[in-house]
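Okay, so here's the structure we're looking at.
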Protein chains: 2
Amino acid sequence: MQEVRTFVEKFVKTSDEEWAAFRNKLQFKEFDKDELFLKEGEVCKHALFITEGAFRFYKIVDGNELVTAFFFTGDYLSDYQSFLTQSPSNYYVQALRSSKVYLISKKDLTELYNNYPNFEKLGRLFAERLFLTMNRRLDTFLYETPEGRYAELVNRNSKLLQEVPQYMIASYLGVKPETLSRIRKRI
Amino acid sequence: MQEVRTFVEKFVKTSDEEWAAFRNKLQFKEFDKDELFLKEGEVCKHALFITEGAFRFYKIVDGNELVTAFFFTGDYLSDYQSFLTQSPSNYYVQALRSSKVYLISKKDLTELYNNYPNFEKLGRLFAERLFLTMNRRLDTFLYETPEGRYAELVNRNSKLLQEVPQYMIASYLGVKPETLSRIRKRI
DNA sequence: TTTATTTATTGACTGAAGTCAATGACGTTC
DNA sequence: GAACGTCATTGACTTCAGTCAATAAATAAA
């Protein structure tokens, strides 16, 4: 649980009282490989911090899985689209291997926002960070070729390449597995 | 200035005192057609609310203008990438016609965040909204063909089609002007 | 170890956007 | 009204990812 606090402290300094209030809301949970945290159509009521493990987001479009995101040990994740608006999710969120996480509910988080300006600030900084991440990802689709996107992924996140099968990476890059295979050959 | 308050009130209810503090920070400015609010390499130190007018974001990649966003009367805009991180912008932000705006500086906004939890909350809600917008736009690139993106634009934002030359729309959709012309012909 | 099953690679072909170049439509200016 | 610049359209050709199908490699199961 200390690792969650360390993570939070990267955004705001918390007093012991604040942290106690936060920790109080956390709920531990384990996921088996392939187990789903969220299904399409469900409302995402929790955010989670990954103590150990890996998850992916994907949606199904005309029978094909399209992967949109990966998360690993030390990351914080939620389907924000659904979480923020409390509307049905478009995604499946699945553990790629057995994983350990701490959950916090939307309800509890909202309560923390309202009772502690410091957590309201955490929420803002978090949303800002989300936006920046999203922005970067959009940019790679707007300004880079698939080959450029792959090259960038290799640089920034080569660990991901070992952990995740290639057809999921292809999907994440917005190309077919065959195409990624050819891109790799070209390099 | 009332219109700015109306806009803010969509996110949080403000007391008269809070609003006075906010209004105090606003600065009126007019832009001529084609005038730049921001240049590549500059740090974006302001956000602005458009009372009347239209703006576009673009960047220059190997000599080509790539348009990434449009904003119109009643919209609020900033180069958040630069504004939030106070790092040099990658974009030009240009008035598409003569425009009237209210500016608020990063410094003043930060001050409001710190002094009024209500504005901190505004900041959070705003960042969340930004994220959702970004997310939607990314989705259109991931799951739609150029033709689909154009069709969606026609539905959602047909006003934009009248206000903006077609080659900018093409760029915004991620295709060449020739391609957009052919897409329009197909429909 | 052998057999299945999943994942990755390769080849031949298709399709849609890009490129280059020419023409047409429109508005502005002199 | 003629001449210019800007923007939109059209045509011929190229390029690169998608598709379909076959094979090979790697994993998991028996």
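For the stretch A:4-21, indicate whether the set of residues that are touching a strand residue (DSSP E or B) at 6+ places or on another chain (Cβ under 9 Å) and among the charged types (D, E, K, R) is non-empty.
Within the stretch A:4-21, not a single residue is touching a strand residue (DSSP E or B) at 6+ places or on another chain (Cβ under 9 Å) and among the charged types (D, E, K, R).
State whether the residues of the stretch B:50-61 include one that is without any contact (Cβ under 8 Å) to a residue 24 or more places away in the chain, surrounded by 15 or more Cβ atoms within 10 Å (Cβ to Cβ) and out of contact with any strand residue (DSSP E or B) (no Cβ under 8 Å at 6 or more places or on another chain).
Checked the stretch B:50-61: no residue is without any contact (Cβ under 8 Å) to a residue 24 or more places away in the chain, surrounded by 15 or more Cβ atoms within 10 Å (Cβ to Cβ) and out of contact with any strand residue (DSSP E or B) (no Cβ under 8 Å at 6 or more places or on another chain).
Checking A:ALA69 against (1) over 16 Å from A:VAL4 (Cβ atoms); (2) away from chain B (no Cβ under 11 Å), which single condition isn't satisfied?
So A:ALA69 meets the others, but not (2).
Would you mention how many residues in the stretch A:133-175 are under 20 Å from A:SER78 (Cα atoms) and either in contact with a Lys or Arg (Cβ under 8 Å, 6 or more places away or on another chain) or surrounded by fewer than 18 Cβ atoms within 10 Å (Cβ to Cβ) (or both)?
Matching residues across the stretch A:133-175 total 6.
If you go through the stretch B:133-146 one residue at a time, do you hit one that is part of a helix (DSSP H, G or I), out of contact with any strand residue (DSSP E or B) (no Cβ under 8 Å at 6 or more places or on another chain) and over 30 Å from A:GLY123 (Cβ atoms)?
Checked the stretch B:133-146: at least one residue is part of a helix (DSSP H, G or I), out of contact with any strand residue (DSSP E or B) (no Cβ under 8 Å at 6 or more places or on another chain) and over 30 Å from A:GLY123 (Cβ atoms).
Tell me which of these A:ALA54 doesn't satisfy, since it passes every other one: (1) over 13 Å from the mean Cα position of the chain (by Cα); (2) away from every other protein chain (no Cβ under 12 Å).
All conditions are met except number (1).
Taking the condition of being at the interface with chain A (Cβ under 7 Å from one of its Cβ atoms) and crowded, with 20+ Cβ neighbours inside 10 Å, how many residues in the stretch B:122-132 meet it?
Within the stretch B:122-132, residues that are at the interface with chain A (Cβ under 7 Å from one of its Cβ atoms) and crowded, with 20+ Cβ neighbours inside 10 Å number 6.
Mind listing whichever residues of the stretch B:161-180 are part of a helix (DSSP H, G or I), more than 9 Å from DNA strand C (Cβ to nearest atom) and away from every other protein chain (no Cβ under 14 Å)?
Of everything in the stretch B:161-180, those that are part of a helix (DSSP H, G or I), more than 9 Å from DNA strand C (Cβ to nearest atom) and away from every other protein chain (no Cβ under 14 Å) turn out to be B:LEU161, B:GLN162, B:GLU163, B:GLN166, B:TYR167, B:MET168, B:ILE169.
Test of understanding: among B:GLU18, B:GLU65, B:GLU9, which residue is acidic (Asp, Glu), more than 14 Å from the chain's Cα centre (by Cα) and at pLDDT below 95?
Exactly one residue qualifies, and that residue is B:GLU65.
Anything in the stretch A:72-109 that is surrounded by fewer than 17 Cβ atoms within 10 Å (Cβ to Cβ) and within 14 Å of chain B (Cβ to nearest Cβ)? List them, or say none.
A:THR85, A:GLN86, A:SER87
The values are calculated or read from the model by the stated rules, or taken from the named source; none is laboratory data. All values reported here derive from a predicted model rather than from experimental measurement. Cβ coordinates were reconstructed from backbone atoms using ideal geometry, including for glycine residues, and neighbour counts include every protein chain displayed.
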